[in-house]
Structure formats: C-alpha cells, structure tokens
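Notes to accompany the following structure.
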Amino acid sequence: MVRTSKNKEATLTGVLIGAAAAAILGVILGFTYEVRRTPDLVRSRSALESEKDPLTERFRFGSTSSSGGWQQLMQSAQNSLTSNQSIRLREGELNQIASQYLNFTLGKQQSQQNETPSYALLPDTPNFAISDSDLQMIIPFEVLFFGMEAEGFLIAQGDFTNGGEGPHYSVGEAWINSARIPPFLAKLFVSRLATSVQEMSSDSPIVTAWSQIKSISIENDTMTLQPR
C-alpha cells in the first residue's frame, strides 16, 4: 500500500491533536488536584519560613491586634482626610476595619438561613497581611452548586497603582487553595466584592473615605493613604 502525502498529513494532524488533548487533560487534572489541597495558613512570619510540604502553598494570616479600637481608627481616618493629612495603617488596623465594614460572614449566614439557592458563591470576611511592600488578601468562600457544597480560599498578592480615578489594587499572583490561577480572575472576584460593598452600603464611612483617597502606597509593613 502506497502512503500518500495526504495520509502523512492526516497522521501528523492526528498526532498533534492527540498531544494537545493530552496536554490540556494534564493541566486540568493537575489544577483539580492542586485546588483540592487546602493551603497551609499560619499566624507568624517564622512559621511562614519554616520547612513545609513542597506541594502545598503556605500563606500568613495578617494580625488582628491593634493599639486602638476600630471606632477611633475610622474617626481618625475621616479627620485626616478632611484635613488633607496622610493616614498610615498597619495590618492589625486594616483587619479591625475589615471585620466591621467588610464582614461578609453575616451576609453568608443570612443567605443560608433563607431558601438555599441552586448555585451561589458566598464569600467570607477577608484577611489582610502586609509584607515586603505587598498587600495580601485571603478570602474564604463557599460554593453551592445544585446541592453540592465546597469551601476554599482565594489568595491574592499585589500592590496599588495610582491614577486619575484613584488607587486600584493590582494582583500580581493569585491562588485558589494551592492552585495558581491567572491574576485577572482574582481581580474580577475582588472587584465584584468591592462593587457589592458600594451597592449595599453606599453611605458607609469606608465607602465615603475611599472616594476621598488619591493614592495608596505600601512600604515595609505600613500602608499610607494620601487624600485628594
């Protein structure tokens, strides 16, 4: 039997398609495996740097301790913005403010008390950590999908870019559990949460304060907010 050039081309095409399909399947299986691995979440910098399982990502929860209550912190922030003074916050203060104004836990509990939706993505209260001039967000979430439930963590690390419309959080790296994801997916998730806060609490002090911020910079373990 004589093999024609068409047969050769068809064979080559089949090999390429098979190789591409195998590669795509490998990526999907690898992502599925990694996304099922809960990340190792620690409380201290020393624990972050200690020996770990190379297959499991490790992240540090930001401190929630602060020298003052969140009420005093917000009042100080509002006064500073009015007087055109910069505001300096550390991660403990950020997490105190988040527990009050970004407390998605309550919304999650209310959703579960009502009729359970067929599908939903329910975020929990985020945790912030500052280190090496980056801001890290850890956002617990729960997925409901036609009777099935799954929990996980979205982790984003990045910094702020400043422009005419104000500061924007730029995601440099992102994970769902121990699986890396494209940064733009994390940015979409974070942007959606920010929009939800603005829609549900347009008169909230934190929404009002955000509209008055011109730029945000991070240096070492401190975030500096500069008013317009």
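Provide the FRET efficiency to the nearest 0.05 for the residue 184-residue 65 pair, computing r from the beta carbons and using R0 = 25 Å. Can you show the working numbers first?
On the way: r = 34 Å, r/R0 = 1.35.
Efficiency computed from Cβ-Cβ geometry: 0.15.
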Residue 58-residue 88 FRET efficiency (beta carbon distance; Förster radius 25 Å; 0.05 resolution): 0.35
Per-pair calculated FRET efficiency, R0 = 22 Å: residue 168 and residue 132 via Cβ, rounded to 0.05: 0.65
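Taken together, the values in this text are just the output of simple stated rules run on the coordinates, not laboratory data. Note that the structure is predicted; figures quoted are calculated from it, not measured. Neighbour counts run over all protein chains shown; Cβ positions are idealised from the backbone, glycine included.
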